[in-house]
Amino acid sequence: MADLLEVRDLRTYLHTSHGVVKAVDGVSYSVAPGQTVALVGESGCGKTMSALSIMRLVPKPQGSIVGGEIIFAGRDLLTLKDEEMRRIRGAEIAMIFQEPMSSLNPVLTIGRQITETLEAHSAVSKEEARERALELLRLVGIPDPVQRLSEYPHQFSGGMRQRVMIAIALSCKPKLILADEPTTALDVTIQAQILELVRDLTQKFGVALMIITHNLGVVARYADRVNVMYAGKIIESAGAREIYENPRHPYTLGLLRSVPRLDQPRKAKLDPIEGQPPDLWNLPQGCSFLPRCRFAVGKCGQEVPPLREAGDSHRSACWVAETLQQQTVLSS
Amino acid sequence: MAQTQNSTLNTQNSILEVRGLKKYFPIYSGLFAQRVEGWVRAVDDISFSIRRGETLGLVGESGCGKTTTGRCILQLDRPTAGEVLFEGQNLARMADAALRPLRRQMQIVFQDPYSSLNPRMTIGQILSEPIRVHRISPDGRRYEDRVAELLSVVGLNPLMAGRYPHELSGGQRQRVGIARALALEPKFIVCDEPISALDVSIQAQILNLLEELQERFGLTYLFIAHDLSVVRHISDRIVVMYLGKVVEIADRQELYENPLHPYTKALLSAVPIPDPLVEAKRERVVLGGEVPSPLNPPHGCIFHSRCPIAVEECSQRVPEIREVRPNHRAACIRV
């Protein structure tokens with residue numbers, strides 16, 4: 001099946017007073033219809049910028065998309081006129097943000113915020129829009145939806161607000177939902193509820209989903225494919241099962257090893273990734289991960305490793321990807 | 001020393017005891033003639049003790065009262081009722097002036113290393129301030145030497161003393177927060193979600209640092225967190241809180257191997273595991289509903305409104321916390 005979304009060599013730069021930051025530096029990936037893809041990385045790695053680029057919502061004037069293509073359902077979004085892009089945003093591609101409090105309008109009722117999207121994108125009457133809003137609230141599991149429709153965001157808890165965001169995202173039956181850290185601001189038990197809900201609904205309606213997160217654990221249960229970002233680049237990409245079982249980049253390996261796991265015996269000592277997150281203004285020569293890497297070889301400081309095949313549908317941007325597994329065994 | 005008579009626990013072993021601690025915050029109504037309309041029961045009658053040299057983990061969701069408990073122990077918030085015995089002395093009844101010398105022995109590391117360091121002070125000023133305030137001249141040495149020592153203890157370059165917080169990364173700032181807590185050579189540190197605001201790759205570094213420091217200086221920690229996998233890693237014993245109450249207390253291994261309270265079970269099952277194969281086989285207890293408001297908590301057992309095994313009686317009677325297995329207490333009538 002043809003891909004629903006194909007990002008090719010995307011470059012989004014931020015022009016700051018300290019110089020140019022390559023927030024997204026030549027990123028390529030694709031999402032098939034109905035597929036769930038995770039984009040994993042730490043703060044500042046460019047994962048949110050990459051999602052905002054797809055929506056063409058990169059903050060102006062500092063940010064600009066300086067290169068690449070974003071092919072969505074056969075069209076390059078970067079060549080569309082603003083007016084055409086507006087018809088896609090919310091209708092064909094929807095977004096769920098991290099902070100449900102600040103992404104809902106505090107002075108509009110929940111009902112109005114759902115009907116607003118519906119009325120903007122389809123020729124529905126006020127009555128129809130209201131009916132549909134009710135149906136959506138029911139769908140996302142909000143109790144007493146008739147009453148809730150006329151309430152304001154501050155009357156909702158964090159989890160309930162995130163359900164409303166999901167309802168709004170689903171309202172126009174999009175083909176793709178971008179969820180940027182959808183559960184990071186929520187409690188553990190509510191996180192589980194929201195993720196199960198998102199999975200059930202995207203499966204039910206065949207919506208493709210891109211989950212952006214910093215937590216590899218969160219997506220293990222939900223993702224079909226995982227892309228790991230570091231310092232503006234995708235450094236590893238593989239099927240979910242493959243990447244957790246057989247990581248081929250020292251950063252991914254480090255992330256997996258540094259977190260305590262409930263299903264395994266307690267370790268006496270954790271095995272952290274040493275050093276600091278990369279300083280985007282001052283990246284080292286060669287591989288950005290070099291200063292923190294324990295598998296580095298001479299070549300790493302000279303040439304940036306390209307993202308290349310490292311297994312079945314598995315790509316890694318590491319010069320020692322092939323031997324990483326043996327070295328891991330030796331070092332542990 | 002004000003040793004209370006009904007002490008059943010061995011105070012030799014415990015550095016801190018919390019007995020019947022309550023903290024209610026008033027809700028006011030009216031703009032001018034303010035009157036108290038109700039009370040938020042942030043912490044509602046909890047008891048536990050912390051042994052010398054151990055790490056006690058305190059877990060629960062936001063709003064369960066875990067941070068308030070930490071603040072009440074340090075008397076940053078004064079308790080509404082109950083006792084906080086630090087080495088036998090009841091801090092809850094102590095006047096501020098009497099508390100001050102004791103504060104040296106009890107410090108706190110905050111969650112957010114961005115807002116807990118003064119942006120206008122250099123790292124050196126931040127670290128020497130507690131020493132100046134408490135007028136401790138460390139062995140007659142200069143403050144600068146002590147600051148340099150503190151920085152190297154937490155794994156930072158002593159040259160950082162001249163920098164400002166904004167020049168540091170999140171992980172480095174949290175190291176400064178830890179160094180500040182260590183400046184007065186305390187015995188006891190409350191770590192309030194010390195790694196939640198940090199990047200995943202940095203969290204393990206800070207956890208390892210906290211463990212090293214504990215060993216090196218013989219520290220006792222109250223480790224407040226919401227992440228059960230982190231709490232299991234660092235704690236010797238664990239207290240689980242829900243809506244202002246303690247629902248379960250046990251040793252680490254016991255709690256994870258034999259969780260008794262249905263809330264603890266649900267919390268454990270909500271923790272994601274970074275392995276799709278494990279996750280595929282795993283049964284999830286997804287709790288329905290949300291944490292009720294502490295302004296108006298449910299009657300009977302506070303958890304009954306979300307509990308998968310609740311019976312009629314649960315909504316009528318408040319379950320006592322009792323020892324169900326050796327050294328394992330839970331507040332549930334169904335276990």
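Restricting attention to the range A:31-48, does a residue exist that is free of Cβ contacts under 8 Å to residues at least 60 places away in the same chain and surrounded by 19 or more Cβ atoms within 10 Å (Cβ to Cβ)? Looking for residues that are free of Cβ contacts under 8 Å to residues at least 60 places away in the same chain and surrounded by 19 or more Cβ atoms within 10 Å (Cβ to Cβ), one finds none in the range A:31-48, hence no.
Conditions (1) surrounded by fewer than 23 Cβ atoms within 10 Å (Cβ to Cβ); (2) within 11 Å of chain A (Cβ to nearest Cβ), marked per residue:
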site: B:E248; (1), (2): no, no
site: B:Q253; (1), (2): yes, yes
site: B:Y263; (1), (2): no, yes
site: B:P276; (1), (2): yes, yes
site: B:K281; (1), (2): yes, yes
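Looking across the range A:194-213, just one residue is touching a strand residue (DSSP E or B) at 6+ places or on another chain (Cβ under 7 Å) and within 11 Å of chain B (Cβ to nearest Cβ), and that is A:T213. In the condition set (1) facing chain A (nearest Cβ under 7 Å); (2) farther than 17 Å from A:Q191 by Cβ; (3) touching a residue at least 40 places away in the same chain (Cβ under 8 Å); (4) not aliphatic (A, V, I, L, M), B:H226 is compliant with all but (2). Residue count for the range B:155-180, restricted to those that are within 14 Å of chain A (Cβ to nearest Cβ) and either under 26 Å from the mean Cα position of the chain (by Cα) or not aliphatic (A, V, I, L, M) (or both): 15. Criterion first (part of a loop (DSSP other than H, G, I, E, B) and crowded, with 17+ Cβ neighbours inside 10 Å) does B:S305 satisfy it? Considered against the rule, which asks whether it is part of a loop (DSSP other than H, G, I, E, B) and crowded, with 17+ Cβ neighbours inside 10 Å, B:S305 comes out as yes.
Restricting attention to the range A:30-49 and to residues that are within 12 Å of the chain's Cα centre (by Cα) and within 21 Å of A:A2 (Cα to Cα), the residue that is farthest from the other protein chains (Cβ to nearest Cβ) turns out to be A:V31. For the range A:240-247, the condition holds for at least one residue, the condition being that it is surrounded by 24 or more Cβ atoms within 10 Å (Cβ to Cβ), closer than 26 Å to B:Y256 by Cβ, of a type in the set (F, W, Y) and free of Cβ contacts under 8 Å to residues at least 60 places away in the same chain. Among the residues making up the range B:114-147, those that are in contact (Cβ under 8 Å) with a residue 12 or more places away in the chain, within 26 Å of A:P272 (Cα to Cα) and surrounded by fewer than 20 Cβ atoms within 10 Å (Cβ to Cβ) are B:Y114, B:S116.
Restricting the range A:135-170 to residues that are touching a residue at least 60 places away in the same chain (Cβ under 8 Å) and of a type outside the set (V, I, T), the residue that is nearest to A:G90 (Cα to Cα) is A:A169. Checking B:P259, B:P272 one by one, the residue that is within 30 Å of B:S169 (Cβ to Cβ) and within 13 Å of another protein chain (Cβ to nearest Cβ) is B:P272 and no other.
Evaluated against (1) more than 8 Å from chain A (Cβ to nearest Cβ); (2) surrounded by 19 or more Cβ atoms within 10 Å (Cβ to Cβ), B:G289 falls short on exactly one condition, (2).
The residues of the range B:230-241 that are at the interface with chain A (Cβ under 10 Å from one of its Cβ atoms), within 20 Å of B:G63 (Cα to Cα) and either touching a residue at least 40 places away in the same chain (Cβ under 8 Å) or of a type in the set (D, E) (or both) amount to a single one, B:V231. Among the numbered conditions (1) surrounded by 18 or more Cβ atoms within 10 Å (Cβ to Cβ); (2) over 25 Å from the mean Cα position of the chain (by Cα); (3) within 19 Å of A:E236 (Cα to Cα), the only one that A:G286 does not meet is (1).
Applying the condition of being part of a loop (DSSP other than H, G, I, E, B) and among the small types (G, A, S) to the range B:151-179 and asking which residue is farthest from B:D112 (Cα to Cα) yields B:G155. Helices (runs of 4 or more DSSP H) fully within the range A:113-206 that include at least 1 residues being crowded, with 16+ Cβ neighbours inside 10 Å and among the aliphatic types (A, V, I, L, M): A:126-139, A:158-170, A:188-205. Scanning the range A:262-273 for residues that are within 7 Å of chain B (Cβ to nearest Cβ) and either loosely packed, with under 14 Cβ neighbours inside 10 Å or in contact (Cβ under 8 Å) with a residue 24 or more places away in the chain (or both) yields a count of 2.
All of A:L280, A:L307, A:L324, A:L253 fail the test of being aliphatic (A, V, I, L, M) and more than 22 Å from the chain's Cα centre (by Cα), apart from A:L324.
Of the residues A:E84, A:E99, A:E69, the single one that is under 25 Å from the mean Cα position of the chain (by Cα), acidic (D, E) and in a strand (DSSP E or B) is A:E69.
Would you confirm whether any residue within the range B:207-219 is under 28 Å from B:E87 (Cα atoms), more than 13 Å from the chain's Cα centre (by Cα), facing chain A (nearest Cβ under 7 Å) and at pLDDT 95 or above? Yes, there is a match, as at least one residue in the range B:207-219 is under 28 Å from B:E87 (Cα atoms), more than 13 Å from the chain's Cα centre (by Cα), facing chain A (nearest Cβ under 7 Å) and at pLDDT 95 or above.
The values are calculated or read from the model by the stated rules, or taken from the named source; none is laboratory data. Predicted model only: the values in this text are computed from it and were never measured. We place every Cβ from the backbone using ideal geometry, glycine too, and count neighbours over all the protein chains shown.
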